[in-house]
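**Q** Handing you a structure now.
The values are calculated or read from the model by the stated rules, or taken from the named source; none is laboratory data. None of these values were measured; they are calculated from a predicted model. Every residue, glycine as well, gets a Cβ built from its backbone with ideal geometry; the counts of neighbours run over all protein chains shown. Only protein heavy atoms, including side chains, enter the accessible area calculation; ligands, DNA and RNA are left aside. Shrake-Rupley method; radii C 1.70, N 1.55, O 1.52, S 1.80 Å.
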Amino acid sequence: MTNDVEMKENPVPSNPTTLTSHSTLHDLKEIAGLIETGAYSREVRRIMRAVRLTMALRRKLNSSVLFAFLSFALTPGSDAYTRISAYLPKEDEHEMEVDTATSSTQAPVKHPLPELEIYCYLVVLIFLIDQKNYSEAKACASASIARLRNINRRTVDVLSSRLYFYYSLSYELTSDLAEIRSDLLALHRIATLRQDELGQETLLNLLLRNYLHYNLYDQAEKLRSKAPRFEAHSNQQFCRYLFYLGKIRTIQLEYTDAKESLLQAARKAPVAALGFRVQCNKWAVIVRLLLGEIPERTVFMQKGMEKALRPYFELTNAVRIGDLELFKSVAERFSSTFNKDGTHNLTVRLRHNVIRTGLRNISISYSRISLADVAEKLRLDSPNPVADAECIVAKAIRDGAVDAILNHTDGWMVSKETGDIYSTNEPQMAFNSRIAFCLNMHNEAVRALRFPPNSHKEKESAENRRERQQQEQELAKHIAEEDDDEF
């Protein structure tokens with residue numbers, strides 16, 4: 001007599017939210033395993049990959065998943081578990097079933113690694129910021145930074161750099177950025193002593209952002225000039241550094257260096273970083289206008305930037321035409337936008353460029369024109385427009401913006417004939433700058449090439465060594481025979 005065995009299937013959760021939570025928890029466990037492998041083998045690239053995978057999961061995190069993950073990564077009841085879990089909001093009753101099936105059948109593996117503890121801080125902090133729970137985020141960030149001060153491991157550097165960023169962000173979102181300036185300086189000093197170059201990059205950018213947020217440009221430049229120099233390890237941090245450097249150079253009236261830094265930051269920025277590229281283009285447009293250049297129309301037609309760059313497009317159009325009244329109306333209409341972007345003071349500087357552009361157009365159109373007509377065409381609204389027009393024309397001639405002669409006695413501006421630009425050195429200088437830019441880009445691309453780790457330390461096999469030695473002996477014998485023949 002045979003008895004049929006009844007096969008019972010495990011119940012499959014029908015709630016889509018529960019299925020998503022199970023999948024997210026499984027991904028977090030795999031990331032924890034990746035961090036553990038990287039910590040034991042001291043491979044920083046594995047931990048960098050774990051951070052990238054975490055950024056892709058941040059929208060799927062919830063409190064129940066994080067509680068289950070903390071129970072997996074840390075020992076429940078331990079000091080680390082108690083500290084980190086205290087920042088999470090309490091779970092709802094319908095979310096308590098996330099990992100009950102797996103936890104009842106298989107005990108979680110504990111990982112008492114500092115890397116995993118710091119990673120738990122990072123995941124919880126990201127979740128709190130995404131949930132706009134800024135008070136708890138500040139407390140969690142401060143606790144994580146206090147824990148980081150006691151850890152000196154190179155495998156923690158990648159995680160610590162991300163924690164530094166969210167530490168500053170949590171205070172910036174609550175308008176308390178000035179409170180952590182001394183802490184950031186102390187952390188930068190610690191990172192320098194520990195030769196944590198990735199941490200130095202991140203903290204330097206955070207300090208520059210802190211200073212620029214309060215318009216402390218002189219202090220930002222002093223810090224930047226004194227900071228240690230080394231090759232960039234993160235493209236994102238390098239782009240931020242170039243952007244802050246461009247802003248500092250713009251305020252210091254070094255427009256040529258500012259333009260190069262801002263354009264390079266916009267080119268190197270990832271395509272997904274749309275907001276950052278928009279800010280770079282806004283400042284780059286203003287700097288190019290201050291240099292007397294007119295940006296191409298394609299700059300304002302970039303995908304996803306048309307609406308954000310519309311005020312700067314109209315501002316560029318006013319500068320290109322040289323219409324002072326149009327420039328004033330555009331500056332007044334978009335004053336709130338310029339104040340928000342921090343470019344209002346720069347637009348005030350553009351007034352002189354508008355006048356100079358209008359004067360250049362007048363000099364091209366008229367071979368001789370009176371100063372009174374110049375003042376009328378420029379729409380100067382001063383008590384003595386003719387005297388102001390005379391000063392403006394004299395300064396433009398001295399600066400080389402206008403090729404003309406000023407007749408003070410008769411009150412005339414006499415334009416010279418337009419010369420052949422190819423008879424000067426300007427084309428050569430333009431080609432030289434373009435060639436230098438291409439060579440610098442090639443050198444940076446070569447330096448950014450990656451090679452297998454320790455490829456120069458790999459030992460050759462005995463067979464390959466014997467073959468190489470035999471070839472060397474044959475080559476030496478052949479060279480000796482040729483020498484004998486010559487003599």
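**Q** By accessible area of protein heavy atoms, probe 1.4 Å, what ranking do 55, 441, 429 get, highest first?
**A** Heavy-atom accessible area, descending, gives 429, 441, 55.
**Q** I'd like the accessible area for residue 23, computed on protein heavy atoms only with a 1.4 Å probe and all protein chains in place. Round to 10 Å², please.
**A** We get 60 Å² for residue 23.
**Q** Give the accessible area for residue 172 in Å² (nearest 10); use a 1.4 Å probe, count only protein heavy atoms, and leave out ligands, DNA and RNA.
**A** Accessible area of residue 172: about 50 Å².
**Q** Right, something else. For residue 252, what is the net charge nearby, where nearby means another residue's Cβ is under 11 Å from its Cβ and Lys, Arg count +1, Asp, Glu -1?
**A** -2
**Q** Where in the stretch 226-260 are there chymotrypsin sites (Phe, Trp or Tyr not before Pro) that are in a DSSP coil and have at most 15 other Cβ atoms within 10 angstrom of their Cβ?
**A** Counting only loop positions with at most 15 other Cβ atoms within 10 Å, the chymotrypsin sites (Phe, Trp or Tyr not before Pro) in the stretch 226-260 are 230.
**Q** Is there a pair in 282/307; 29/132; 60/90; 60/307; 222/340; 247/268 whose C-alpha atoms are over 20 Å apart, and which pairs would that be?
**A** Pairs exceeding 20 Å: 29/132; 60/307; 222/340.
**Q** Further question on the same structure: With all protein chains present, calculate the accessible area of residue 431 using a 1.4 Å probe and round the result to the nearest 10 Å².
**A** My reading of the accessible area for residue 431 is about 130 Å².
**Q** Students sometimes get this wrong: rank 412, 283 by accessible area, probe 1.4 Å, all chains present, largest first.
**A** Descending accessible area places them as 412, 283.
**Q** Taking only protein heavy atoms into account and a 1.4 Å probe, give the accessible area per residue of the stretch 293-365 in Å².
**A** 53 Å²
**Q** With a 1.4 Å probe and all protein chains left in place, how much of the accessible area of the stretch 273-389 comes from carbon and sulfur atoms, in whole percent? Before the final figure, lay out each step's value.
**A** On the way: 2950 of 5800 Å².
Exposed carbon and sulfur together represent 51 percent of the surface.
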